[in-house]
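To start, the structure itself, in structure tokens.
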């Protein structure tokens, strides 16, 4: 059962493909056509679904901790496909795999996560995974989009792209969440692009080629220039391809653990 309480393209489709390629019987759930619109709680939704003898639940939800909560009220295996601004574990795994595929090892690899770190579940999962595997991780963005005390997670903080680009092997560029722009965390999209937008001109100043990553969807010419997203530096489509394989692996390991 795929329980998606938030919109998704890459994650939802890659989970569905992974499930079908492993010969699973797949049922997908969207809130717009469910009893959630009538006031049904997450707990009741999950327990009713489990009563239909579901083995695994893939959940995306706007509330941090939703996947953990669900794992406590159902016996089925629960896979977190993104919970609010908390974590996105399979995205972290596919990003790590994409880097390992290109560089052979994550040990000592220098990776900077650029953009809206404050609201990003992708950033947290990448930080936990990459630092565990021995990579050197840094974050870069406006001070208003960097969580307080993030250095405690073992990362360095930069507020100028020009300072970080010469020091890294890869940039993982995060989507600027336009829906949060109303909160005034930075003056304008134009100013953000000027100072923190990753462009060919900025990357060209690096002493060696830099790998460009993005979890999608891309706001082209805001956080990442269109020409760089489509350039030879980009592994964005490789990330999408690897997402299916990583999710197949997670499903397989959980399925054979029972």
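Considering only residues that are over 15 Å from the mean Cα position of the chain (by Cα) and either more than 17 Å from residue 252 (Cα to Cα) or free of Cβ contacts under 8 Å to residues at least 12 places away in the same chain (or both), look in segment 73-90 and name the one that is surrounded by the fewest Cβ atoms within 10 Å (Cβ to Cβ). Of everything passing the filter in segment 73-90, 75 is surrounded by the fewest Cβ atoms within 10 Å (Cβ to Cβ). Scanning segment 123-145 for residues that are more than 20 Å from residue 107 (Cα to Cα) and crowded, with 19+ Cβ neighbours inside 10 Å turns up 140, 141, 145. Does at least one position in segment 56-67 carry a residue that is outside the structural domain of residue 28 (by TED's automatic domain parsing) and either surrounded by fewer than 18 Cβ atoms within 10 Å (Cβ to Cβ) or modelled with pLDDT under 95 (or both)? Among the residues of segment 56-67, not one is outside the structural domain of residue 28 (by TED's automatic domain parsing) and either surrounded by fewer than 18 Cβ atoms within 10 Å (Cβ to Cβ) or modelled with pLDDT under 95 (or both), which makes the answer no. Of all residues in segment 191-210, those satisfying the criterion of being within 23 Å of the chain's Cα centre (by Cα) and either within 12 Å of residue 168 (Cβ to Cβ) or surrounded by fewer than 11 Cβ atoms within 10 Å (Cβ to Cβ) (or both) are 198, 203, 210. In segment 1-26, the qualifying residues are those that are at pLDDT 90 or above and over 17 Å from residue 241 (Cβ atoms), and the one that is nearest to the chain's Cα centre (by Cα) is 4. The number of residues in segment 130-153 that are without any contact (Cβ under 8 Å) to a residue 40 or more places away in the chain and under 19 Å from residue 88 (Cα atoms) comes to 12. Every condition in (1) assigned by TED's automatic domain parsing to the domain that holds residue 170; (2) modelled with pLDDT of 95 or more; (3) not in a loop (DSSP other than H, G, I, E, B) holds for residue 231 except the one numbered (3). Going through 70, 93 one at a time, which residue ends up being assigned to a helix (DSSP H, G or I), touching a strand residue (DSSP E or B) at 6+ places or on another chain (Cβ under 6 Å) and either in contact (Cβ under 8 Å) with a residue 24 or more places away in the chain or on the phi > 0 side of the Ramachandran plot (or both)? The unique qualifying residue is 70.
The values are calculated or read from the model by the stated rules, or taken from the named source; none is laboratory data. All figures in this text were calculated on a predicted structure; none of them were measured in a lab. Positions of Cβ are generated from backbone atoms using ideal geometry, with glycine treated the same way; all protein chains shown enter the neighbour counts.
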